[in-house]
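This report concerns only the one structure given below.
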Amino acid sequence: MINLSVNFVFDIQNSHICVRIPFAFEPSSKLTNYNDLSEKHMMVLTLIRDNPFINREQISKACGLRTTRIQQILNDLKKSEKIERIGSKKGGYWSIK
């Protein structure tokens, strides 16, 4: 059970009001930097975000790239720990970190 009995904090200044609102969960403090990714890497990452169950052939069609290039991009994203594969090749899904 989550305890939501946290006090709200209002900080009133001359030009603004700051309100601190508690989360119902502990937000992740890990920040992932996507600035180092190419346009094609970002396109693949966006497709995975929109459909975690997408396969390599579907990504290939959507991007207009060969499946071997898609596999290289997926390997790059896995190596840089931006994504990981959960489950099997056929029944699994992609998780964005």
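The values are calculated or read from the model by the stated rules, or taken from the named source; none is laboratory data. Keep in mind the model is a prediction, meaning the values are calculated, not measured. All Cβ positions, glycine included, derive from the backbone under ideal geometry; neighbour counts span all protein chains shown. Areas reflect the complete protein model, heavy atoms only, side chains present, ligands, DNA and RNA absent. Shrake-Rupley method; radii C 1.70, N 1.55, O 1.52, S 1.80 Å.
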Of all the residues that make up segment 45-66, how many are aromatic (Phe, Trp, Tyr) and either free of Cβ contacts under 8 Å to residues at least 24 places away in the same chain or assigned to a helix (DSSP H, G or I) (or both)? 0
Of (1) modelled with pLDDT of 90 or more; (2) among the hydroxyl-bearing types (Ser, Thr, Tyr); (3) open to solvent by 90 Å² or more (accessible area, probe 1.4 Å), SER29 fails just (1)
Those residues of segment 32-88 which are surrounded by 14 or more Cβ atoms within 10 Å (Cβ to Cβ) and of a type in the set (Asp, Glu) amount to ASP76
Out of (1) within 16 Å of the chain's Cα centre (by Cα); (2) under 18 Å from TYR34 (Cα atoms), what's the single condition that is false for PHE53? (2)
Looking at (1) modelled with pLDDT under 75; (2) open to solvent by 60 Å² or more (accessible area, probe 1.4 Å); (3) in a loop (DSSP other than H, G, I, E, B), which one does ALA24 not meet, given that it meets all the others? (2)
